[in-house]
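What follows draws every value from the coordinates through simple rules; no lab data is involved. Bear in mind the structure is a predicted one, so any value in this text is a computation, not a measurement. Neighbour counts are summed over all protein chains in view; Cβ atoms, including those assigned to glycine, are modelled from backbone coordinates with ideal geometry.
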């Protein structure tokens with residue numbers, strides 16, 4: 001039995017501050033509107049500055065993405081450290097699910113807009129003794 005995921009990718013733009021944690025939680029459904037059995041998939045999210053960039057700035061692998069068959073959600077987060085390292089700017093991302101046969105479905109994509117935070121964690125400089 002194969003689950004056919006909706007062919008229409010959801011577009012979600014995220015707006016956050018550098019240094020904040022960005023939590024993404026979605027509940028995609030199949031073409032008939034049924035919840036997808038996520039345990040049958042692996043997932044990956046990539047963030048790039050521009051679509052044609054060869055390498056992603058950030059990759060969130062399956063191990064860091066929660067695919068829950070009990071809450072019927074896909075959840076992941078960009079940590080405060082990751083948003084600091086990305087820096088202020090506009091980025092693009094997508095989240096793909098891959099089934100056991102290798103079929104890939106992009107579930108969501110969009111922009112991540114990070115604005116410089118007013119409050120910053122100051123680096124503690126080592127004192128010379």
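Got a sec? How would 91, 17 order by Cβ neighbour count within 10 Å, fewest to most?
Working: 91 20, 17 17.
Going from sparsest to densest Cβ surroundings: 17, 91.
In what sequence do 47, 113, 118, 23 fall when counting other Cβ within 10 Å, fewest first?
Details: 47 18, 113 14, 118 7, 23 11.
Ranking 47, 113, 118, 23 by Cβ neighbours within 10 Å, fewest first, gives 118, 23, 113, 47.
By DSSP, the beta bridges lying fully in the chain are antiparallel in about 85 percent of cases. Remark: the residue 113-residue 85 segment gains 8.7 nm on full extension, using 0.36 nm per residue and subtracting the alpha carbon distance.
Between residue 62 and residue 27, the contour length at 0.36 nm per residue exceeds the alpha carbon distance by 11.0 nm. Which entry in (i) 7.5; (ii) 10.7; (iii) 8.1 is this structure's computed mean projected area of the Cα convex hull in nm²? Checking each listed value against the structure points to (ii). Cβ crowding within 10 Å, taken as a proxy for footprinting-reagent exposure, orders 63, 103, 77 from fewest neighbours to most as 63, 103, 77.
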